[in-house]
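Derivation of every value follows stated rules applied to the coordinates shown; laboratory data play no part. Treat the numbers as computed from the prediction; the structure is a model and nothing was measured. With ideal geometry, Cβ positions are generated from the backbone for all residues, glycine too; neighbour counts draw on all protein chains shown.
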Amino acid sequence: MGQAWTELIDLASERMDGKALAASDEFFAEKENLLKPGRANFVAGRFTDRGKWMDGWESRRKRGPGHDWCIIALGRPGSIDGVNVDTGHFKGNQPESCTVEGAELGGDDADVAAVLLGAGPSVPWREITDRTTLNPDSEHLIAVHADVRGRRFTHVRLNIFPDGGVARFRCHGRVIPDWARLTRGDQLVDLAGAENAGLVVACNDMHFGSRHNLIMPGRSANMGDGWETRRKRGLKGGEHDWAIVQFGTRGMISRVEVDTNHFKGNFPESCSIDVCDWRETGLIDPARAVWRPLLARTKLTADTRHFYEAELAKAACSTAATHARLCIFPDGGVSRLRVWGRPEVAAGGPSA
């Protein structure tokens, strides 16, 4: 069973430490806006000394040859399945079209900056999308070329023709961690973390907050930066909400954190966690997976980081796992889930 690439991690996002490094022009609006969370905002009547304030990246009108571009460092290196070029609120000042290029650059930050700014070897840019016509005030979901899927990239360049404004840029794909570095020494790794190729593959409800927030880096910024379900009504016996996380790689679990940060009147009454070792290709089938209890149903408190180690079932910790299922009773919000352990595989990970 396949998975829509729009459900994959946005490798370029600000919250994944993506950065807009350079742009040919940002006269009207700054390049950094491209990577901000959420859709763009519009404020009627708001102007700057350069013109209308816009929540996006906007270059001046070209009066000569060439086109504008923006170079973005992905927050984590990875393979790219597709991009979303969003021209939200740009209605008549959006670019005519765009392309996206990718490159894999090694070395330290100074070396990479020198290359990107033309002080070093030329950048091995590779076009990863077709040239695509852009419509006003619209999201454009553009799949990458088949021959670059699975290829590792560290940087992308958004080219717009010839000029104009783009509100947001999303680069959906799969993190490819440096497992040799992560497994150096005896340190534990967050097997579920998005930065380590974790992915929340399914949940039964995310009415108020996306399931993907559960594994984002850092603590949540606010109540909207977590996974929150609607209030249950007419409960049947045992009914509860759940989310399933695919680990970045198979591993042995040592410690778990369940964080209800910012959830003060809407945190779950309790939670439990099960794990499984899914060896088949493709997405997990929860009904066929063999789930093992990791954490028995345990009470939660508001706005608190809950750490579990001694409470974890020894049987579940003594066998490697690929997925965790967080169950919350009966409903509510959890900001982050961390599953700390030791990766068993030094490269690659479970099939997605």
Practice item. Compute the relative contact order of the chain as a whole-number percentage, counting only Cα pairs closer than 8 Å that sit 6 or more residues apart in sequence. Key: 19 percent
Revision key, fill the gap. The relative contact order of segment 181-343, taking Cα pairs under 8 Å that sit 6 or more residues apart, comes to a percentage of 36 percent
**Study point:** Area projected by the alpha carbon convex hull of segment 238-323, averaged over all directions, nm²
**Key:** 6.3 nm²
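Does segment 112-262 come out rounded, prolate or oblate by the C-alpha gyration tensor, with a ≥ b ≥ c the root eigenvalues, rounded set by a/c under 1.5 and, if not, prolate when a/b is larger than b/c and oblate if not? Walk me through the numbers before you get to the answer.
Details: a/c = 2.41, a/b = 1.42, b/c = 1.70.
Judged from the Cα gyration tensor, segment 112-262 comes out oblate (a/c at least 1.5, b/c at or above a/b).
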Exercise for review: Only loop residues by DSSP count here, and only those with at most 16 other Cβ atoms within 10 Å; note down the trypsin sites (Lys or Arg not before Pro) in segment 11-51 that meet that.
Suggested key: 39, 46, 50
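Would you work out the relative contact order for segment 5-175, in percent, from Cα pairs under 8 angstrom that are 6 or more residues apart?
Working: 450 pairs, mean separation 63.8, N = 171.
Here the relative contact order equals 37 percent.
With the cut-off at 27 Å, tell me which of the pairs 232/299; 36/299; 264/314 have Cα atoms farther apart than that. Intermediate values should be presented prior to the final figure.
Details: 232/299 18 Å; 36/299 35 Å; 264/314 32 Å.
Pairs exceeding the cut-off: 36/299; 264/314.
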**Study point:** Given charges at Cβ of Lys, Arg, Asp, Glu: segment 181-343 dipole, positive-most of 220, 283, 200
**Key:** 283
**Study point:** Option label - volume of the Cα convex hull per residue in Å³ computed here, alternatives (1) 162; (2) 120; (3) 135
**Key:** (1)
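Among rounded, prolate and oblate, which fits segment 171-325 when a ≥ b ≥ c are the square roots of the eigenvalues of its C-alpha gyration tensor, a/c under 1.5 means rounded, and a/b larger than b/c means prolate? Present the calculation step by step, with values, prior to reporting the outcome.
Details: a/c = 1.44, a/b = 1.32, b/c = 1.09.
Rounded.
Per residue of the chain, what 222 nm ellipticity follows from adding -39500 (n - 2.57) for every DSSP H run with n ≥ 4, rounded to the nearest 500? Before the final figure, lay out the partial values.
Working: 3 runs with 16 residues, N = 352.
Taking each H run of at least 4 residues, the total per residue is -1000 deg cm²/dmol.
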